[in-house]
Amino acid sequence: MIARAYRAVFACISTAILGIVFPALPVSAQTQGYADLGRAATGFAVPTPGVPLQFPADHGAHPDYRIEWWYLTANLQTETGEDLGIQWTLFRSALAPGEGPAWQSPQIWMAHAAVTTPSDHHFAERLGRGGTGQAGVEIAPFTAWIDDWELRAPDASLDRLAVTARSEDFAYALDLAADGPLVLHGSDGYSVKSAQGQASYYYAQPAYQITGQITLPDGSHRVSGTAWLDREWSSQPLAPDQSGWDWFSLRLDSGEALMGFVLRSEQGDFTSGTWITADGTVEPLHPEEFQAAPLAWSEVAGRQIPTRWHVTLDSRQLRVEVGALNPQAWMGTSFAYWEGPVTVSGSHTGRGYLEMTGYGELRSNSPSNRK
Amino acid sequence: MILTLRVLLSHWRHAPLQLGLLILGLALATALWSAVQAINSEARASYSRAVEQLGTRDLPSLTAPDGDIPLATYVALRRAGWQVSPVLEGVWTPAKESLTLLGVDVLSYPGAALMAQTTPATGLDPLAVLRPPGTLYAHPDTLAHVLQDTGPRVMALQELPQGIVLTDLSVAERLLGTSGRLSRILILPDQPMGLLPLTQLVPELELSTTDDGALGDPQRLTQSFHLNLTAFGLLAFGVGLFIVQGSVTLSVEQRRGTIHTLRCLGVPVATLIQALLLELVLLALVAGVLGLVLGYIVAGFLLPDVNATLRGLYGAPVAGALSLRPGWVLSGLGMALAGTGLAGLQALLTLKHMATQLTQASQAVARRRAGLIWIWAIVGLLLIGLAGGMLWGGNGLVAGFVGLAGLMLGCALLLPPSLFWALTFWLRMTRRPVLRWLIADSRLQLPGLSLSLMALLLAIATNIGVGTMVSSFRLTFTGWIDQRLAADLYVEAAGPQQAQAILTWAEARGARSLPQYRWTTRSASAPLLLYGVVDDPLYRQNWPLLRSLPDAWDRLHSKGAVLINEQLAHRADLAPGDMLALGPDWSARIVGIYSDYGNPDGQAIAGITTLQQRAVPLTLRRIGLVPPDGETPEGLAAALRQDLALPASAILAKDRIRAASVAVFDRTFVVTAALNVLTLGVAGFAMLTSFLSQWSRRLPQLAPVWAMGVSRRQLAGLELLRSLGLALLTFVLALPLGLGLAWVLLTVINLEAFGWRLPMFLFPADWARLLGLTGAAAGIAALLPILRLLHIPPARLLGVFSNDR
């Protein structure tokens, strides 16, 4: 979640504006944009504890908060048994709190979609301005969209969803049905992110059954599997000394699920996570309880990126190896990162998604530079 | 081979003048051609720099026939999956000068990357482009002159054309006072799979293959101008080739003895031909390089005027400097080589003939060629017929130019037969033996002279044609501008408050005011400037209407009708009585068409009350003032300056505007005048080389006449007479061709290129001047042969008889 907060802030503000709009910017200028995140959330609303989430209203957008996302990942199988994964994410980033008419709106929307097979990785990006109707989220019936990419429900709940996206070389249309309750992280959805009191509102639906159709250059495939939806919004940027993060969302065959992340920093890594039991009970992990160490590195887009990990959670007797389905799952979007499906083996088995950011060009972040 | 070449080349040591003329002729031709090419490519490069760097040039775009596209249409396309980028374009007047404001969505506009490049250097927050008050991007000159303290931050962007301000749509909407409207939708390069076709999604929009907005391709507009220049360059080059043809043929004739000797020594014909070819290539390269240098210098001189023309006529963005392009050098050399090859073809054939026959055959060749005269005449007539058909039935600028080329070439081909028959007719009419010999001799020489005479014909006709067009245009223009400037003073207001203050002040003083309210919109997917005018008798009396319905002005003010300019009428095929779409729910009856020279865009005039009822966003910057009886315009201007503290530059007297406009007009056609003179010079030069090349062949004809008692002095006089006579005859034939050319330029080319048709006026004084110039050129061209004739030793003339065996 912290990782995601990072990513969203980073992606929406620095990337959308600095990266796509201003792709010619040198890296140093983008780091300036990163430093920009250290500013206080002037004028923006700040999450406060003790305010219960209100549904379906909170499924919608919160334009007074700086950042927000609707984040869907799914592990799928074709009818012939081939593994693949999809990602569908809608980010909202506000230049200023509130709304405005059409182009005057300070809201900026960005979306990423991807399909990852063992041999191929397809991705696409969309950007849009709030206020025009090109992108947005409506509560009843629930619809989140940018251009023709949609995450849509027949009613105001998130129990049944249909998701679509298409680009030049891929398209998908999938139906989702929730297999359990919404999971509220932290204290009833108020999720504290640091000792300084920074926090976000955060809930998820980690247990969808999903089926549908995926079109790839080699043709159309019927697929089915499981999916995970994250919802989070906040206004507070995070500490500037971290260089990146590694984020895992693993669904185990036992019915349990694990979300854990590593924030990499020169002052030492910080890890945290959540254990979700088979019945949907949320058990937050203590700091440093979740451990992940790289086992193997791959060269991806001119960088060295760890694509096999050793993950341990001693309190659950979990010792697993997490490996990328396709090590080349590089999201070459305006803010580039690695995101793709993974398989879990060892003390537990299962599947999930892995996201890694902040791995620079070869010389700056080679494996030897890491501990 | 090398030896043969050396022998051939040794000829030039004895004829340095001839060599000089040959090289100079070819160099001149190459120079004119390459100068025009340099100017053209410079202008094109200027246009494309901007659009290429902004990356929108090759993007197809969607526009609405009635002007604006609702925001909802853009969103509908996005929701259907189409990757498109919206553009809002409008006229914005932050200070005195009007600018084109281009509002784009910086998240999707392909040129946004360029906007970003300027940002890091200034340390400005990159998001500032999206955050109020926003950021404006403009060319540094535009920034310096017009964008001071306008609210939003301003940034210099060298790549933008002058007069254009680029900014985010949110800022553009604020500055233009509009919302929910778009001017264009650009279609981005990469589209997702399985989209519904645009014709199904937005059938009401028009798709064009290029972005035709302010940053679109100015080449479309200026194409005619460049075509014009290219035609001129090609003409000059063609005329130059006549020089080369004359010189090379002459040199082969002169080397008859050498060639004979070489053949006798056993040099094969093929080697001879190869050697001559090599010689031609060598000459072409030397002359080509010289021509390129000359062309570069000429282009450097002409470029500022061309730029002024392009900016003045089309508002096209052109930079001032000339740069050397490899493509230009190659094409110039290529033209020189190809031209020399073409011009040397006859010489090569002659050489082949000579080398095999080894006999003196010039007369026989001349006679055989005279037999071809009928073919020339028929081909010429056919070409003129085709040209007529093209001009009559064809459509568009290219058809106009093709027709023009056919007409000129056809007439040029008709020249030798016409001269031949004219001389034949004269021969029958005259009894004086010397005159009869002169005419017969001239007729005999026609084939050899015909090419240079054709060059002269083309040069004279072009001079008359282009001169008539420019002078007619100028006469019409000055008359028109007098009509158009109805008021005595024109005041530029700094803003709406000041404009209102001027109106109140004028009313209190008893002066009549003619405020020019304006509104920029789009009609038929092109920009349209709509003026709102008050009902004043000055308009009724003075405004230059070309065609109108009865009571046009009454209907304008009481019935909401409009007047449109000629350009718009021609482009959209509108006539008085038709309707003009001004918005989704607004069509106005057209009651008249007025002439509007020097402006590429569509324009319309409506009654101010109509516009106010429609509540369009009007701007008022310019107010015409007529002083009350008993007060001079100077007095009124002085009082206005004093009472309202207006700067002197804000008040313009009618005479000053008129003088400035005429100055712009004259600058526009400086290039044309310069090229005119150059073409005539090259044609005179062509005549000189022809006469020189005839010279050696003529000795066998002159010798018997001399032997019969006609002195060399008399012969020289006859020679001059012949030269002047032929030039005069050519002039007489060129005059109608020139007038025809002028007519085509005025009524076909101008209409297609600019959208306005001009009346044709005749300028006999110019013809007389041109006749004098032609005579001078012919006289000078004949001078060298005459001098030679005067000083030829009698022995050489006698020698003809013995050599003839």
*Filter the stretch A:253-298 down to residues that are part of a strand (DSSP E or B), over 17 Å from A:L354 (Cβ atoms) and not β-branched (V, I, T) and give me whichever is least open to solvent (accessible area, probe 1.4 Å).*
A:W275
_the stretch B:723-736, residues that are open to solvent by 10 Å² or more (accessible area, probe 1.4 Å) and either closer than 18 Å to B:S452 by Cα or in contact with a helix residue (DSSP H, G or I) (Cβ under 6 Å, 6 or more places away or on another chain) (or both)_ = B:L724, B:G725, B:L728, B:L729, B:F731, B:V732, B:L733, B:L735
*Can you tell me how many residues in the stretch A:98-144 are without any contact (Cβ under 8 Å) to a residue 12 or more places away in the chain and at the interface with another protein chain (Cβ under 8 Å from one of its Cβ atoms)?*
1
_Set A:S220, A:S200, A:S167: member being within 18 Å of A:W69 (Cα to Cα) and hydroxyl-bearing (S, T, Y)_ = A:S200
*asked:* Given the condition buried (at least 19 other Cβ atoms within 10 Å of the Cβ), modelled with pLDDT under 80 and polar (S, T, N, Q), answer yes or no: does some residue in the stretch B:304-315 qualify?
replied: yes
*Can you name the residue in the stretch B:74-89 that is touching a residue at least 12 places away in the same chain (Cβ under 8 Å) and open to solvent by 10 Å² or more (accessible area, probe 1.4 Å) and, of all such residues, is farthest from A:E150 (Cα to Cα)?*
B:E89
*If you check A:S235 against the conditions, is it at pLDDT below 90, more than 24 Å from A:P327 (Cβ to Cβ) and open to solvent by less than 10 Å² (accessible area, probe 1.4 Å)?*
yes
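Residue-by-condition table, conditions (1) of a type outside the set (F, W, Y); (2) over 31 Å from the mean Cα position of the chain (by Cα); (3) open to solvent by 20 Å² or more (accessible area, probe 1.4 Å):
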position: B:M429; (1), (2), (3): yes, yes, yes
position: B:R436; (1), (2), (3): yes, yes, yes
position: B:S452; (1), (2), (3): yes, no, no
position: B:S471; (1), (2), (3): yes, no, yes
position: B:L485; (1), (2), (3): yes, no, no
position: B:Q498; (1), (2), (3): yes, yes, yes
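Check B:P759, B:P764, B:P785 and return the single one that is at pLDDT 85 or above and of a type outside the set (G, A, S).
Checking each option against the conditions leaves just B:P764.
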*Of all residues in the stretch B:174-190, count the ones that are farther than 20 Å from A:G130 by Cβ and at the interface with another protein chain (Cβ under 7 Å from one of its Cβ atoms).*
1
*Of all residues in the stretch B:263-288, how many are surrounded by 14 or more Cβ atoms within 10 Å (Cβ to Cβ) and either not in a helix (DSSP H, G or I) or not assigned by TED's automatic domain parsing to the domain that holds B:A27 (or both)?*
1
_Test: A:S157 is closer than 26 Å to A:Y202 by Cβ, among the hydroxyl-bearing types (S, T, Y), assigned to a loop (DSSP other than H, G, I, E, B) and more than 14 Å from every other protein chain (Cβ to nearest Cβ)_ = yes
*Quick one: A:V183 ticks every box in (1) open to solvent by less than 10 Å² (accessible area, probe 1.4 Å); (2) within 11 Å of chain B (Cβ to nearest Cβ) except a single one, so which number is it?*
(2)
*Could you give me the residue pairs with C-beta distances under 6 Å whose first residue belongs to the stretch B:697-713 and is in a helix (DSSP H, G or I), whose second residue is among the β-branched types (V, I, T) and open to solvent by less than 40 Å² (accessible area, probe 1.4 Å) wherever it lies, and which are 6+ apart or on separate chains?*
B:L699/B:V800; B:P700/B:V800; B:A703/B:V800
*If a residue has to be in contact (Cβ under 8 Å) with a residue 60 or more places away in the chain and either within 14 Å of chain B (Cβ to nearest Cβ) or open to solvent by 40 Å² or more (accessible area, probe 1.4 Å) (or both) to count, how many in the stretch A:160-177 make the cut?*
2
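The values are calculated or read from the model by the stated rules, or taken from the named source; none is laboratory data. For clarity, every value in this text was computed on a predicted model and none was experimentally measured. Heads up, the Cβs are rebuilt from the backbone with ideal geometry, glycines too, and the neighbour counts pull from every protein chain shown. Each accessible area value is taken on the protein alone, full model and side chains, heavy atoms only, with ligands, DNA and RNA left out. Shrake-Rupley method; radii C 1.70, N 1.55, O 1.52, S 1.80 Å.
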